[in-house]
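Below you'll find the structure, written out as C-alpha cells, and then a few comments.
The values are calculated or read from the model by the stated rules, or taken from the named source; none is laboratory data. Bear in mind that the values here come from a model prediction, so they are computed numbers and not experimental data. Because the Cβ atoms are built from the backbone with ideal geometry, glycine has one as well, and the counts that use them run over all protein chains shown.
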Amino acid sequence: MLFISVPPAATPKMLVSEFARFLGMPITDRLNQTQITGAVCDLLCELGTQLVLVDDVHLLDTQRRAGAETSDQLKYLGERIPATFVYSAINVETSSLLSGVRGAQIAGRFKIFRHRPLAYATEQDRAVWDDLVEAMENLLRLRAHRPGTLVKHAAYLHARTAGRIGSLSHLIREAALIALTEGAERITKQLLREVELDAAAETQARPARPARRK
C-alpha cells in the first residue's frame, strides 16, 4: 500500500515526488518529472503494490494549468501501476475535480463513497467505535497507562468527538503528549476533558466540560 497527500498548488513533479518520498527513493534536482515518474512506476510494479491512497485531491484545481496537468499525471500513474487507486477529498462533488473534460474522465473511472461520522446508536455501531478506540489505545506507549481505560470511556469519547475519527485521534494524541510532558504517563477522563479539540467537534460535543488546557 502507498499513501500520499496532494500538496497545495501541486505540479506533476511535486505529486510524483510525494510518491518517491513515501517509497524512500532519493530525489535530486537533476532528476526531471519523466525520470522520477518512470522510477516510481517501475518500483511500485516490482513491489506488487495493490493499493494507492491519494488524500486531499480536492486541492487539485483543474481549471488551472498546474492542477489540470497534475490531474493528468494521476491518470497516467493509474494506467501504469496495476493497483487500485482511492482518492479522498472534501466536497469533491462541488470542486473543479469533476468538471470539464478531465472531470468527466475521472467521474467515469471512479465510484463516489460518502463517509459520515461514525454513529453510536446500535450495538453494531458501538462495536465498530469501541474497536477503533481500542486500536488507538493499543498504540499508546505510556508506562503508567492502564489498558482498557479509553475503551471504558468509549461512549464519552464518541460524544466528545461527534464520531469523527480525526477528532478522536487528535484528542488521544494530545492527551498522550500532555501525559508525557507532565510525567504522569497515563490518560484519565479528567485529562481528556481538559483537551480542547477542533471547532467542529467542540461545537457538536454534548457534555459540558471544565476549563481546558491551552
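Within the range 1-31, the only residue that satisfies the criterion of being at pLDDT 95 or above and in contact with a Lys or Arg (Cβ under 9 Å, 6 or more places away or on another chain) is Ile4.
Out of the range 50-75, which residues are closer than 17 Å to Ala104 by Cβ and assigned to a loop (DSSP other than H, G, I, E, B)? If the condition is that a residue be closer than 17 Å to Ala104 by Cβ and assigned to a loop (DSSP other than H, G, I, E, B), then Leu60, Asp61, Thr62, Gln63 are the ones that fit. Taking the criterion of being closer than 16 Å to Ala83 by Cα and among the aliphatic types (A, V, I, L, M), the only residue of the range 21-38 that qualifies is Leu23.
Could you grab me the full set of residues in the range 24-41 that are hydroxyl-bearing (Ser, Thr, Tyr), surrounded by fewer than 16 Cβ atoms within 10 Å (Cβ to Cβ) and in a helix (DSSP H, G or I)? Passing the criteria: only Thr34. Tally the residues that are of a type in the set (A, V, I, L, M, F, W, C), surrounded by fewer than 16 Cβ atoms within 10 Å (Cβ to Cβ) and more than 15 Å from Phe22 (Cβ to Cβ), restricting the search to the range 44-60. Count: 1. When you look at Ala89, is it more than 14 Å from Phe19 (Cα to Cα), of a type outside the set (Asp, Glu) and within 21 Å of the chain's Cα centre (by Cα), yes or no? Criteria met by Ala89.
Go through the residues of the range 7-23 one by one and say whether even a single one is crowded, with 17+ Cβ neighbours inside 10 Å, among the basic types (Lys, Arg), under 25 Å from Ser99 (Cβ atoms) and in the same structural domain as Val101 (by TED's automatic domain parsing). Taking every residue of the range 7-23 in turn, at least one turns out to be crowded, with 17+ Cβ neighbours inside 10 Å, among the basic types (Lys, Arg), under 25 Å from Ser99 (Cβ atoms) and in the same structural domain as Val101 (by TED's automatic domain parsing). Applying the condition of being more than 18 Å from Leu2 (Cβ to Cβ) and of a type in the set (Asp, Glu) to the range 65-84 and asking which residue is surrounded by the most Cβ atoms within 10 Å (Cβ to Cβ) yields Glu69. Only one entry of Ala68, Ala127, Ala121, Ala107 meets the criterion of being more than 19 Å from the chain's Cα centre (by Cα) and under 18 Å from Val16 (Cβ atoms), and that entry is Ala68. When the test is whether a residue is among the aliphatic types (A, V, I, L, M) and touching a residue at least 24 places away in the same chain (Cβ under 8 Å), Leu98 does not pass it. Taking (1) more than 22 Å from Val54 (Cα to Cα); (2) of a type in the set (D, E, K, R); (3) free of Cβ contacts under 8 Å to residues at least 24 places away in the same chain in turn, Lys111 satisfies each apart from (1).
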